[in-house]
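**Student:** Let me begin by handing over the structure; questions about it come next.
The values are calculated or read from the model by the stated rules, or taken from the named source; none is laboratory data. The shown structure was predicted, so the numbers you read here are calculated from the model rather than taken from an experiment. Because the Cβ atoms are built from the backbone with ideal geometry, glycine has one as well, and the counts that use them run over all protein chains shown. In case anyone asks, the SASA skips ligands and DNA or RNA and just uses the protein heavy atoms, side chains included. Shrake-Rupley method; radii C 1.70, N 1.55, O 1.52, S 1.80 Å.
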Amino acid sequence: GYSSLGYLRRLPVQVMKIDRSLLVDAVNQNGRAVLIAMVNLARELGLDCVAEGVETLEQFQLLRDVGCQRLQGY
């Protein structure tokens with residue numbers, strides 16, 4: 001089968017965008033783990049990381065703490 005994550009190795013990608021739905025779910029431990037994994041994946045692949053839908057100070061602080069370089073409001 002095909003995986004959209006597999007395309008990160010083959011396509012000329014410079015930026016990984018984290019969907020707002022993943023940020024909203026980051027209030028629970030599993031959602032936070034997925035968010036951290038996405039930011040770490042972007043870092044390991046040498047990609048910039050943009051989180052969309054940042055609306056609260058708590059979301060901003062979480063993304064800053066995990067190393068997300070760019071933030072975008074909703």
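**Student:** Just to be sure before I move on: is I36 among the β-branched types (V, I, T) and out of contact with any strand residue (DSSP E or B) (no Cβ under 9 Å at 6 or more places or on another chain) in the structure I sent?
**Tutor:** Here the answer is yes, as I36 does meet what is asked.
**Student:** Pairs only if they're at least six apart or on different chains, beta carbon under 9 angstrom, first in region 14-40 and of a type in the set (D, E), second crowded, with 18+ Cβ neighbours inside 10 Å and assigned to a loop (DSSP other than H, G, I, E, B); list them, first residue then second.
**Tutor:** none
**Student:** Being among the charged types (D, E, K, R) and within 11 Å of the chain's Cα centre (by Cα) is the filter; apply it to region 43-63 and report the residue that is farthest from R9 (Cα to Cα).
**Tutor:** Step by step, filter region 43-63, then rank; the result is E52.
**Student:** Count, please, the residues in region 1-29 that happen to be farther than 18 Å from G67 by Cα and exposed (fewer than 13 other Cβ atoms within 10 Å of the Cβ).
**Tutor:** Here the count works out to 13.
**Student:** Right, here's the next one. For region 46-59, state whether one or more residues are in a loop (DSSP other than H, G, I, E, B) and hydroxyl-bearing (S, T, Y).
**Tutor:** Yes, because at least one residue in region 46-59 is in a loop (DSSP other than H, G, I, E, B) and hydroxyl-bearing (S, T, Y).
**Student:** Follow-up question, since we're still on this one. Would you pick out the residues in region 30-47 that are open to solvent by less than 50 Å² (accessible area, probe 1.4 Å) and within 16 Å of R70 (Cα to Cα)?
**Tutor:** L35, M38, V39, A42, L47
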